[in-house]
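Encoded as structure tokens, the structure appears first; notes follow it.
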Amino acid sequence: MKNPFTTDIEIQNIIQEEDMAEKQKKTNPDEELLQEMYKNACMGTDSVTTILGKTKDEKLRCELTAQLDGYQNFANVTRNKLSGMSATAKEINAFAKIPAEMSIMMTTMVDSSTPKIAEMMINGSTMGVINLKKRIKQAQTEGVSQDVVKIASDIMAFEEDNINKMKNYL
């Protein structure tokens, strides 16, 4: 029942304010990009961890361990940044991880050579770069803060460096 002292215009204004507050909560561009970066870092962490178990080449294992450290660092950076915004980093659904893990297992069952593992890492990092580049471009039109864009750029530079290092193992 409507309050007799509240006009229809006031009710509409209240609804619009609530809608805007809800929309802002859902569409914070900094949070959205940070969530995407967190997902990227977690996927990298999971993939490298799985591939490390299949890698026999000691030099490649050292490179992959350095990549693992980098991905874990970026996961921590983005998680902390989200926490500072009173947001929680969204973990990747276990079902979403299965295709990547299955692909790694199937590929390495057929060919676990150093060049094949390097190729898989290059492909994974390339996908990460492409996804982040798209998100950065979209987020910049939405007003993402420069410090969040800087983190995204750092992750992309890390991924591109990983690609270049893996090329030595092809």
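The values are calculated or read from the model by the stated rules, or taken from the named source; none is laboratory data. These numbers come from a predicted model, not from an experiment. Ideal geometry is used to build each Cβ from the backbone, glycine not excepted, and the neighbour counts take in all protein chains shown. Only protein heavy atoms, including side chains, enter the accessible area calculation; ligands, DNA and RNA are left aside. Shrake-Rupley method; radii C 1.70, N 1.55, O 1.52, S 1.80 Å.
Structural remarks
- 20 Å reach of a label modelled at Lys116, 7 Å along Cα-to-Cβ, counting backbone N of the range 153-170: 166-170
- When you filter the trypsin sites (Lys or Arg not before Pro) in the range 55-94 for DSSP loop state and at most 16 other Cβ atoms inside 10 Å of their Cβ, you are left with Lys56, Lys90.
- For the range 38-170, the fraction of 1.4 Å probe accessible surface lying on carbon and sulfur atoms is 56 percent.
- Potential lengthening between Asn93 and Ala157 on full extension [0.36 nm per residue; Cα-Cα distance subtracted]: 20.4 nm
- Each Lys and Arg adds +1 at its Cβ and each Asp and Glu adds -1 at its Cβ; summed about the Cα centre, the range 95-170 shows a dipole of about 140 debye.
- Span from the the range 148-170 Cα centroid across to the the range 80-98 one, whole angstrom: 21 Å
- A Förster radius of 25 Å, combined with the Cβ-Cβ distance separating Thr49 from Asn80, puts the computed FRET efficiency at roughly 0.75.
- Taking the Cα centre of the range 27-152 as reference, the dipole from Cβ charges on Lys and Arg (+1) and Asp and Glu (-1) amounts to some 100 debye.
- Pairs of Cα atoms in the range 15-162 fall into 5 Å distance bins, from 0 up to the last occupied one, in shares of 2, 9, 18, 20, 18, 13, 9, 6, 3, 2, 1, 0, 0 percent.
- Heavy-atom accessible area per residue - the range 51-112, 1.4 Å, Å²: 63 Å²
- GluC sites (Glu not before Pro) restricted to the range 74-170 and DSSP loop, no more than 14 other C-beta within 10 Å: Glu91, Glu142
- Cross-link table Lys54/Lys116; Lys39/Lys134; Lys39/Lys137; Lys59/Lys116; Lys137/Lys165; Lys81/Lys150, entries beyond 19 Å C-alpha to C-alpha: Lys137/Lys165
- Rolling a 1.4 Å probe across all protein chains gives Ser113 an accessible area of roughly 40 Å².
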